[in-house]
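Below is one structure, written out as C-alpha cells; comments come after it.
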Amino acid sequence: MPPPKLLIVEDEIIIARDIAAQLVALGYTPVGHATTGQQSIDMARTLQPDLVLMDIQLVGPMDGIAAAQTIRDDFFIPVVFVSAFSADATIARAKLTEPYGYILKPFSERELHTVIEMALYKHQAESRLRDSAIQMRALSQRVLEVQETERRRVALELHDEIGQSLTAIKINLQAHHRFTDQTPEQLNAENLAIV
C-alpha cells in the first residue's frame, strides 16, 4: 500500500519545510504546500491528498478554518489543524468544521504521528460507513421500485383476470332467477368453470 499523501497548508515556509521533513521521516508523502486558504482548496481538488495539515492563521482573506470547511464539504478530505492558537473562540470555530485533530505548535514528531494515524483511521471508518449508507439507499430505492412493479402487476392481474372472472360470477349469481331452466348445481358448475 502506498504511503498516505498529505497536503501541508502553512504560510511560514520554514515551518512548512520542517513539517514536510517530519512527514517523510514518519513514512508519509507530502504532496504539496499551500500558503493561502484558496490555494489549499485548489491543491486539495487537484492533488486529492489523504489528509490536510492546516494552519489556522494564513495570509489572504480566507483563514484555515474557512478553507477546512470547504475542503471537507466539497472533497470529503479530512483536515487536522496545526496551529499556535488555543483560544476558546478559535477552537470553537474550528470544531464546527469537524476536524480530525488539532495539534498545538510546537509539537513533537510522536504527537504528529499519533494524530495523523488516528485521523486517517477515523476517515477510513467514516468512508466505509458513508459507502454503506450509499449502498443502503440504493438498495432501498431498488426495493421500492420492485415493490411498485409488483403492485402494478398484481393490480393488472386483478383487473384483467380475477376481476373479470369475479364480475362474471357476480352477474351469474345475481341473474340466477332469470335462468329457470338451469338448476343451482348447473349455475355453480358454470361459475366454477369461469375461474
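The values are calculated or read from the model by the stated rules, or taken from the named source; none is laboratory data. Quantities reported herein were computed from a predicted structural model and do not represent experimental measurements. Protein only, heavy atoms only, side chains kept; ligands, DNA and RNA dropped before computing areas. Shrake-Rupley method; radii C 1.70, N 1.55, O 1.52, S 1.80 Å.
Here is how the numbers come out for the structure above:
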item: Cα-derived Rg over Rh, computed across the chain with Rh taken as Kirkwood radius; result: 1.59
item: Over the chain, relative contact order from alpha-carbon pairs under 8 Å, at least 6 apart, %; result: 13
item: Accessible area of the range 59-163 belonging to carbon and sulfur atoms, whole % at 1.4 Å probe; result: 60
item: On Cα atoms only, tilt of 64-75 relative to the major axis of the chain in degrees; result: 30
item: Ratio Rg/Rh, restricted to the range 1-99 and using Cα atoms, in which Rh is the Kirkwood radius; result: 0.94
item: Sequence-distant lysines (8 or more away, or on other chains) whose Cα lies within less than 30 Å of Lys105; result: Lys5, Lys95, Lys122
item: Å² of accessible area per residue within the range 12-151, as computed with a 1.4 Å probe and no ligands counted; result: 58
item: C-alpha long axis of helix 163-174 to longest principal axis of the chain, angle in °; result: 30
